[in-house]
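Participant: I'd like to ask you about the structure that follows.
The values are calculated or read from the model by the stated rules, or taken from the named source; none is laboratory data. Owing to the predicted nature of the structure, the values given are computational and were not obtained by experimental measurement. Every residue, glycine as well, gets a Cβ built from its backbone with ideal geometry; the counts of neighbours run over all protein chains shown. These area figures cover heavy atoms from the full protein model, side chains too; ligands, DNA and RNA do not enter into them. Shrake-Rupley method; radii C 1.70, N 1.55, O 1.52, S 1.80 Å.
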Amino acid sequence: MSSLRIFSLSIALPLSAIAPLAAAAVNVMHWWVSPGEQASIQVIQQYQAERGIEWITTARKGSGTSSYMDAVRQRVASGAPPMASQAIGYDIQDWAMQGKLANLDAIAVDQEWEEVIPAEIQALSRYQGHWVAVPINAHATNRLWLNQKLLSQLELSAPDTWPELLQMLDKARAAGATPLAIGNEPWEHTLLFENVAAGTGGADFYRRVFLDLTPTAADDLLLLQSFERMRQLRSYMDAGRHNRSWDEATDLVRNGQALMQAQGTWVNGEFRAHGLIPEQDYACFRFPDTQGLFLFNSDQYMLFKDYPATPEIREAFASSLMDIELQRQLNIATGAAPARVDVPSATFDLCGQQAINDLRASNMRRTVMGSVAMGNANPGQVKEAIYTIVSSHLNDQLSDAEAVAQLKAAITSFSPSFPGTSR
């Protein structure tokens, strides 16, 4: 693709009145490659194209984002960084510590980011008090996604408690459907585990163990119960999970081959991309016993300061991502809540409105908490250690007691005072 003209943003002016900036090629990397994700990235590209901002994109499928970040590191090491890269959680902090990211403070002050973004997301967007990334959404990970036809046939409703969840799974198995669809990636297993743990121990337990990394002796029993529940769930999974991706597990639910999947609100984007409608084709419930909690994964964009772009181009790009209308259009497609809590919810579908309402309520309660699986709770070495333990346990390679002992050892060996963040 050739160099493209970039224009500054001014939402108060008609497009014909927006003056052009110098010609430049804006290179952006992302990992959105599934059907729902592609629909989402197209929203951003189209919105910016209408304002004169065009992308040259490089899409690389991530595996819990690890392989994706390897590709970004190769680009940076070769002296050819992208202007911007999608990122989540503590990956942003890692790049900021290396001094690779552009300072976005002036844009953040101008658009009042601090006033509209939940503090827990801000903690990952900032390093040593400075804004270094732009959050574009707030996915909830404590969600169940169910096939509506099976749900109705089995005369089932939203499970509020753990026993109610097991009853649903038993009914699905008796009817010949796969009760619980899941893929083979450790991050998927850990996402299920964080839901189980949050439901088992509650908000204070989750914060103490997985965010502050300071479990007490009294938490041993809750951790053991969490792994016991994971072992129970294993019996409701099919053997095909060992050769399946997360979106292929979503397809099993979409096609009625499986009753449910525990996964983030990006599943809503997948269903929308296939033309499905909430309450008609699928249902979205909070994971049992996690009512009042919003376990989040926030997709963000970080800008590399060594990319040859003018300050005006960086400002236009970053500002557009935080625009209210873009965040509305984008997150209707992604299925997430916008990263801004002031985006009107009226045009979102039922599941999208549920996510927005949950984020706002949890933000008031201070129960917006980072997802372990998606790297919004812990630095990379802690996350990877938890991946290994949880996945080994789910694959019946560790007993419940062994998993508890290894998990506690992994999280207590790391200092909770990670540089640049405030928990």
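Participant: Can you name the residue in region 90-116 that is closer than 23 Å to Val341 by Cα and among the small types (Gly, Ala, Ser) and is also surrounded by the most Cβ atoms within 10 Å (Cβ to Cβ) among such residues?
Facilitator: Per the criteria, the residue is Ala108.
Participant: Note down all Cβ pairs under 7 Å where the first residue falls in region 182-204 and is closer than 16 Å to Asp247 by Cβ, the second is of a type in the set (D, E, K, R) and open to solvent by less than 10 Å² (accessible area, probe 1.4 Å), and they're at least six residues apart or on different chains.
Facilitator: Every condition considered, the pairs that remain are Ile182/Glu188.
Participant: Next up: Considering every residue within region 64-71, establish whether at least one is at pLDDT 90 or above, open to solvent by 50 Å² or more (accessible area, probe 1.4 Å) and closer than 21 Å to Ala373 by Cβ.
Facilitator: Yes, that holds for at least one residue.
Participant: Among the numbered criteria (1) crowded, with 21+ Cβ neighbours inside 10 Å; (2) within 21 Å of the chain's Cα centre (by Cα), which one does Asp251 miss?
Facilitator: Status for Asp251: all satisfied but (1).
Participant: Of all residues in region 225-246, which are among the aliphatic types (A, V, I, L, M) and either more than 25 Å from Ser34 (Cβ to Cβ) or open to solvent by less than 30 Å² (accessible area, probe 1.4 Å) (or both)?
Facilitator: Met230, Leu233, Met237
Participant: Can you pull out every residue in region 118-147 that is among the aliphatic types (A, V, I, L, M) and out of contact with any strand residue (DSSP E or B) (no Cβ under 6 Å at 6 or more places or on another chain)?
Facilitator: Ala119, Ala123, Leu124
Let's see how each residue does on (1) out of contact with any Lys or Arg (no Cβ under 8 Å at 6 or more places or on another chain); (2) closer than 22 Å to Met237 by Cβ; (3) in contact (Cβ under 8 Å) with a residue 60 or more places away in the chain; (4) open to solvent by 10 Å² or more (accessible area, probe 1.4 Å):
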site	(1), (2), (3), (4)
Phe285	no, yes, yes, yes
Gly292	no, no, yes, yes
Lys305	no, no, yes, yes
Leu330	yes, no, yes, no
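Participant: In region 72-89, how many are in a helix (DSSP H, G or I), open to solvent by less than 10 Å² (accessible area, probe 1.4 Å) and farther than 24 Å from Gly183 by Cβ?
Facilitator: So in region 72-89, the residues in a helix (DSSP H, G or I) come out as 72-77.
From the residues that got through so far, the ones that are open to solvent by less than 10 Å² (accessible area, probe 1.4 Å) too are 72.
Pick out the ones that are also farther than 24 Å from Gly183 by Cβ and you get none.
The total comes to 0.
Participant: So which of Ser345, Ser392, Ser371, Ser399 is of a type in the set (Gly, Ala, Ser), over 30 Å from Gly52 (Cβ atoms) and within 20 Å of the chain's Cα centre (by Cα)?
Facilitator: One residue alone meets the criteria, Ser371.
Participant: Based on this model, can you work out whether Leu150 counts as touching a residue at least 60 places away in the same chain (Cβ under 8 Å) and under 20 Å from Cys351 (Cβ atoms)? So that I can check it myself, show each step before the final result.
Facilitator: Values: touching a residue at least 60 places away in the same chain (Cβ under 8 Å): yes; under 20 Å from Cys351 (Cβ atoms): yes.
Considered against the rule, which asks whether it is touching a residue at least 60 places away in the same chain (Cβ under 8 Å) and under 20 Å from Cys351 (Cβ atoms), Leu150 comes out as yes.
Participant: Please note which helices (runs of 4 or more DSSP H) are completely contained in region 280-383 and include at least 2 residues that are within 17 Å of Ala108 (Cβ to Cβ) and modelled with pLDDT of 95 or more.
Facilitator: Where helices (runs of 4 or more DSSP H) fall fully within region 280-383 and carry at least 2 residues being within 17 Å of Ala108 (Cβ to Cβ) and modelled with pLDDT of 95 or more, they are 324-334.
Participant: For residues that are polar (S, T, N, Q) and either surrounded by 16 or more Cβ atoms within 10 Å (Cβ to Cβ) or assigned to a loop (DSSP other than H, G, I, E, B) (or both), tally how many sit in region 40-56.
Facilitator: So the answer is 2.
Participant: So Leu276 ticks every box in (1) at negative phi; (2) touching a residue at least 24 places away in the same chain (Cβ under 8 Å); (3) more than 16 Å from the chain's Cα centre (by Cα); (4) open to solvent by 20 Å² or more (accessible area, probe 1.4 Å) but one. Which box is left unticked?
Facilitator: (2)
Participant: Something else now. Take the conditions open to solvent by less than 60 Å² (accessible area, probe 1.4 Å) and touching a strand residue (DSSP E or B) at 6+ places or on another chain (Cβ under 9 Å) and apply them to Ala197. Does it pass?
Facilitator: no
Participant: Is it the case, given these coordinates, that Ile182 is of a type in the set (Val, Ile, Thr) and crowded, with 24+ Cβ neighbours inside 10 Å?
Facilitator: Judged against the criteria, Ile182 is a match.
Participant: On to the next question. Can you pull out every residue in region 123-149 that is open to solvent by 20 Å² or more (accessible area, probe 1.4 Å) and on the phi < 0 side of the Ramachandran plot?
Facilitator: Arg126, Tyr127, His130, Gln148, Lys149 - these are the residues of region 123-149 that are open to solvent by 20 Å² or more (accessible area, probe 1.4 Å) and on the phi < 0 side of the Ramachandran plot.
Participant: How about region 217-276: which helices (runs of 4 or more DSSP H) wholly inside it have at least 1 residues that are in contact with a helix residue (DSSP H, G or I) (Cβ under 9 Å, 6 or more places away or on another chain), of a type outside the set (Ser, Thr, Tyr) and within 23 Å of Ser152 (Cβ to Cβ)?
Facilitator: Helices (runs of 4 or more DSSP H) meeting the threshold: 246-254, 266-273.
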